[in-house]
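Below: one structure, written as structure tokens.
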Amino acid sequence: MTRRVQVIDSHTGGEPTRLVVDGGPDLTHLLRPSTGSSSADWPRVIESLRCHHDHLRRRVLGEPRGADHWVGALLLPPVGAASLCAVVFFNNVGYLGMCGHGVIGLMASLAYLERIQPGCFAIETPVGLVRAQLHDRHRVTIGNVASYCYRRSVPVLIAEHPPIVGDIAWGGNWFFLTDQHGLQVQFGNLSALTKRAIALRQALVSQEITGAAGQEIDHIEFFGPASDGADSRNFVLCPGGAYDRSPCGTGTSAKLACLAAQGRLLPGQTWIQESITGSRFQATYQMVDSEERPAHAPPDAVVVAPQITGQAYVCGQGWLVFEDDDPFREGIGP
Ligand code: PYC
């Protein structure tokens, strides 16, 4: 049977988001597991996507219709009456807890479809409720999930290089953040940055260095000097080996948490994070109330509520078509 999936493509600071607006699985029974529940049963939603609907992820993002650096977003009905929608982000290797550039792209795409006007909205994600303020058709501020620095100055041994020391932080995904990578954070240096970040991520696994509760650190963030007007430039390696073209919303949240823990940025102060492509996010934070602390945060962790502002542009709209006799309807590769 020929299947069709309706998508809106956008990019946020150069990083693409492919929003699935129709043709995805019906997960209503999992999103609303019992009458009166105020939140989706996210572990079961993700398990169902992984075990029963993973072909959607591979079809939508895999070649020849997608590419490794694309992030997908499955638009779902909200559970809470006050929420705009629920969303699950995915990439070339699996499902993400949150995606900051993706929420900015989602808002710009819904504005493009004229489903929303400028205003403030709540969005349900597997790691918690995210706020999003649409300023105009492109500019969005997200109030990300509470973020914190889990461990500071952690040494990691990698071959043919002095130990790399960095911080481990939660920003909706797990990050290892360092400026001690020994490389120039410049666009012309992408292959060396990618190689070192992959080696570092492999070393984290082999040295059993994890986030809280043994969670895998699947994003690596390298920092270097920025161009005029920004505070820092980053290179972010995503779980599937691609680099983030944007400054990475969850990565910038993790950075804010580390700056707060180090006393280098005060609540309400602005931080301009530049990406390896030159795009920028404006970021700030407030301290969080005790009831908003993530359950996995140690009692002594400095927990912050990040706000990230960026811009997204719609760059495509249409139907992906999967003809039943297309040998690559499931994408290329395993
Ligand atoms: O913006 O949070 C983000 C993100 C995560 C992975 C790619 N982008």
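A few remarks follow.
- Figure legend. Inter-residue proximity from region 94-105: first residues over 13 Å from ASP244 (Cβ atoms) and of a type in the set (A, V, I, L, M), second residues assigned to a loop (DSSP other than H, G, I, E, B) and more than 9 Å from the ligand (Cβ to nearest atom), beta-carbon distance below 6 Å, spacing 6+ or different chains. Indicated pairs: MET98/VAL127.
- Of the residues making up region 251-258, at least one is in contact (Cβ under 8 Å) with a residue 12 or more places away in the chain, touching a Cys at 6+ places or on another chain (Cβ under 6 Å) and among the small types (Gly, Ala, Ser).
- Number of positions in region 116-152 that are over 16 Å from GLN286 (Cβ atoms), of a type in the set (A, V, I, L, M) and in a strand (DSSP E or B): 5
- Condition check for GLY214: under 27 Å from ALA301 (Cβ atoms), more than 16 Å from the ligand (Cβ to nearest atom) and free of Cβ contacts under 8 Å to residues at least 24 places away in the same chain: yes
- Unmet criterion (only one of (1) under 20 Å from TYR150 (Cβ atoms); (2) touching a strand residue (DSSP E or B) at 6+ places or on another chain (Cβ under 8 Å); (3) more than 16 Å from the ligand (Cβ to nearest atom)) for GLY263: (2)
- Within region 279-291, the presence of at least one residue that is closer than 19 Å to ASP9 by Cα, part of a loop (DSSP other than H, G, I, E, B) and at pLDDT 95 or above is confirmed.
- In region 219-241, the residue that is nearest to the ligand (Cβ to nearest atom) out of those that are over 20 Å from PRO155 (Cβ atoms) and under 13 Å from the mean Cα position of the chain (by Cα) is CYS238.
- Matching residues in region 53-87 - criterion: being assigned to a helix (DSSP H, G or I) and buried (at least 16 other Cβ atoms within 10 Å of the Cβ): LEU56, ARG57, ARG58, ARG59, VAL60, LEU61
- As a summary of the residue check, VAL93 satisfies the conditions (1) touching a strand residue (DSSP E or B) at 6+ places or on another chain (Cβ under 9 Å); (2) surrounded by fewer than 16 Cβ atoms within 10 Å (Cβ to Cβ); (3) modelled with pLDDT of 95 or more; (4) in a loop (DSSP other than H, G, I, E, B) except for the one numbered (1).
The values are calculated or read from the model by the stated rules, or taken from the named source; none is laboratory data. Note that the structure is predicted; figures quoted are calculated from it, not measured. Cβ sites come from the backbone with ideal geometry, for glycine too, and all protein chains shown count toward neighbours.
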